[in-house]
Amino acid sequence: TYVVTDNCIKCKYTDCVEVCPVDCFYEGENMLVINPDECIDCGVCEPECPAEAILPDTEPGLEKWIELNAEYSEKWPNITEKKDALPEAEEFDGKKNKLEEYFS
Ligand code: SF4
Ligand code: F3S
């Protein structure tokens, strides 16, 4: 499975949802997550994210993101069409540790 990680927060470019063949992205206010039960591990979304926020869950150190994607994909609504990035996307792209302050 693939997971959305820190750098999506406050950027939310949404290019990822356009390419996902199984529409398994879910939308919070400031970030998207992937439903691990629906993701077919195709990897198509990874290079599409301008913020490089999507990673395979086999990478080390992703435990909290694996949990967070699983938890919030059950709570948030499905998103299947690209929309405008958040207005502050450029400013926030690359900022560190966005989870603590800006997750929603
Ligand atoms: Fe969708 Fe494929 Fe990305 Fe999984 S890896 S979220 S199935 S595009
Ligand atoms: Fe987030 Fe990247 Fe998708 S910033 S919304 S994971 S394209």
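Among the conditions (1) at pLDDT 95 or above; (2) touching a helix residue (DSSP H, G or I) at 6+ places or on another chain (Cβ under 9 Å); (3) away from ligand 2 (no atom under 13 Å from the Cβ), Asn97 misses just one, which is (1).
Here is the figure for region 21-43: residues that are under 12 Å from the mean Cα position of the chain (by Cα) and hydrophobic (A, V, I, L, M, F, W, C) total 6. At least 1 residues being within 16 Å of ligand 1 (Cβ to nearest atom) and crowded, with 21+ Cβ neighbours inside 10 Å is the threshold, and among the helices (runs of 4 or more DSSP H) wholly inside the chain those reaching it are 15-19, 63-72.
Looking at region 50-103 only, could you name the residues that are touching a Phe, Trp or Tyr at 6+ places or on another chain (Cβ under 6 Å) and among the β-branched types (Val, Ile, Thr)? Passing the criteria: Ile54, Ile79.
The values are calculated or read from the model by the stated rules, or taken from the named source; none is laboratory data. None of the values given here were measured: they were computed from a predicted structure. For neighbour counting, all protein chains shown are included, and Cβ atoms are generated from backbone atoms with ideal geometry for every residue, glycine included.
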